[in-house]
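Novice: If you scroll down you'll find the structure; I have some questions about it.
The values are calculated or read from the model by the stated rules, or taken from the named source; none is laboratory data. Note that the structure is predicted; figures quoted are calculated from it, not measured. Cβ placement follows ideal geometry from the backbone for every residue including glycine, while neighbour counts extend to all protein chains displayed.
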Amino acid sequence: MKTIDDLNFSGKKALIRVDFNVPLDENFNITDDNRIQGAAPTIKKILKDGGSVILMSHLGRPKDGPTDKYSLKHIVSHLSKVLGVDVQFANDCIGAEAVEKAQNLKAGEVLLLENLRFYKEEEKGDKDFAEKLSKLGDVYVNDAFGTAHRAHASTAIVADFFPNNKYSGYLMAAEINNAEKVMNNPERPFTAIMGGAKVSDKIQLIEALLDKVDNLIIGGGMAYTFVKARGGEIGKSLVELDKLDLANELVKKAEEKGVNLVLPTDAQIADKFSNDADTYDGPNDQIPADREGLDIGKESGEHFAEVIRASNTLLWNGPMGVFEFDTFAKGTKAVADAVVAATERGAFSLIGGGDSAAAVSKFGMTEHVSYVSTGGGALLEYMEGKVLPGVKALED
């Protein structure tokens, strides 16, 4: 796969797929600009070379065509500040205005196109739509790892129209290199920390990891399915009753492969799903019928931290509890503290996007881990061993 370092962009118009699907508040202020910051080095390199840049992205999930709430016009002023140039905006991603503005771009200028998903053709991977997009630039760059697992027009199909002029941006290359490092060249001991609500969401990743890791820590809502499978009483805690046999199978597979499967032993038990709930720490297999576990307990947090601190490679995907509520953030914070401590000692830590990235951001630890992925779903699929259409399109 060629990266943008393989080309001098002087005099070239680069059509770049970025992932600017950023969270906005009710006043359209960006509440987390990590994805914009992540794409900035790629854009700046091309501008510095003397090229011009046409940016295409989606925002949210518009269902009925153009919707003001999902317009990328809301990010123009912030993007201009990050890049240090006045970003131009086209009110459509194809059509006369987009073509004219792209044609008139001069070296060092940036044009942002309107939301790709205002067209159903984008998600359908429509070839004619992709061809219209391709007409806007003479070089294609994909720097949107977060959407690389989608076979959309702008991520997988448009590359066909640039057979000798397609490149990965810095963010895309970094994501792939860091994922490869963890999955194929880990320094041992290698520990994976899995959290989140459901075993079913992570089953393929867990199975792939059982062939790679020395330790597998499981927390979050998914842990209660394992507790229930062993006959524990879990009250109103999250559980997938149709996955009890699967949980027992995973425990058995871990034993057969010599993987140290680390499950929580206690929980922070609450009388309601609320930040002001009445809580206590207790065994997670003796939760009263009218209560639920909303975080791992202190004992589990300490045990998890011990394993993490002794590791040299760490992959973390998913929180240990309902960390959005400060009352139930202690377990996730204990894991984050241990990951930071291991990293400072020299371990390599990869944080797997989504809620894990949100957690390290909440605790102000983003700068203290090795790498925070921008692609939750894409990273999971890549690590499961699946071919990502957006990556494959750059390799062909």
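Novice: Which one of 307, 339 is under 29 Å from residue 144 (Cα atoms) and at pLDDT 95 or above?
Specialist: 339
Novice: Next question, about the same structure. Given 219, 196, 169, which one is buried (at least 20 other Cβ atoms within 10 Å of the Cβ), modelled with pLDDT of 95 or more and more than 18 Å from residue 3 (Cβ to Cβ)?
Specialist: Residue meeting the stated conditions: 219.
Novice: I'd like the residue in region 342-362 that is surrounded by fewer than 21 Cβ atoms within 10 Å (Cβ to Cβ) and modelled with pLDDT of 95 or more and, out of all such residues, is nearest to residue 188 (Cα to Cα).
Specialist: Checked region 342-362; the qualifying residue nearest to residue 188 (Cα to Cα) is 346.
Novice: Looking only at residues in region 1-29 that are in a loop (DSSP other than H, G, I, E, B) and among the basic types (Lys, Arg), which one is nearest to residue 176 (Cα to Cα)?
Specialist: 2
Novice: Given the residues 307, 251, which is the only one that is β-branched (Val, Ile, Thr) and more than 27 Å from residue 346 (Cα to Cα)?
Specialist: 251
Novice: List every residue pair whose Cβ atoms sit under 6 Å apart, with the two residues 6 or more apart in sequence or on different chains, where the first one lies in region 220-247 and is on the phi > 0 side of the Ramachandran plot and the second, anywhere, is surrounded by fewer than 20 Cβ atoms within 10 Å (Cβ to Cβ) and not in a helix (DSSP H, G or I).
Specialist: Going by the 6 Å Cβ cut-off, the qualifying pairs are 235/288; 235/289.
Novice: Another question about this same structure. Residues in region 260-273: is at least one farther than 18 Å from residue 220 by Cβ, at pLDDT 95 or above, in a strand (DSSP E or B) and out of contact with any Lys or Arg (no Cβ under 8 Å at 6 or more places or on another chain)?
Specialist: Looking through region 260-273, at least one residue is farther than 18 Å from residue 220 by Cβ, at pLDDT 95 or above, in a strand (DSSP E or B) and out of contact with any Lys or Arg (no Cβ under 8 Å at 6 or more places or on another chain).
Novice: Could you tell me whether region 140-148 includes any residue that is assigned by TED's automatic domain parsing to the domain that holds residue 309, at pLDDT 95 or above and either aromatic (Phe, Trp, Tyr) or more than 26 Å from the chain's Cα centre (by Cα) (or both)?
Specialist: no
Conditions tested, residue by residue: (1) at pLDDT below 95; (2) assigned by TED's automatic domain parsing to the domain that holds residue 143; (3) of a type in the set (Lys, Arg); (4) surrounded by fewer than 16 Cβ atoms within 10 Å (Cβ to Cβ).
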position: 12; (1), (2), (3), (4): no, yes, yes, no
position: 29; (1), (2), (3), (4): yes, yes, no, yes
position: 52; (1), (2), (3), (4): no, yes, no, no
position: 74; (1), (2), (3), (4): no, yes, no, no
position: 87; (1), (2), (3), (4): no, yes, no, no
position: 96; (1), (2), (3), (4): no, yes, no, yes
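Novice: Among the residues of region 12-56, how many are out of contact with any strand residue (DSSP E or B) (no Cβ under 8 Å at 6 or more places or on another chain) and basic (Lys, Arg)?
Specialist: Here the count works out to 4.
Novice: Can you tell me which residue in region 37-84 is farthest from the chain's Cα centre (by Cα), limited to those that are closer than 21 Å to residue 103 by Cβ and assigned to a loop (DSSP other than H, G, I, E, B)?
Specialist: Only one residue fits best here, namely 50.
Novice: Follow-up. Kindly indicate the residue of region 266-297 that is surrounded by fewer than 17 Cβ atoms within 10 Å (Cβ to Cβ) and hydroxyl-bearing (Ser, Thr, Tyr) and also farthest from residue 233 (Cα to Cα) among those meeting that condition.
Specialist: Out of the qualifying residues, it is 274.
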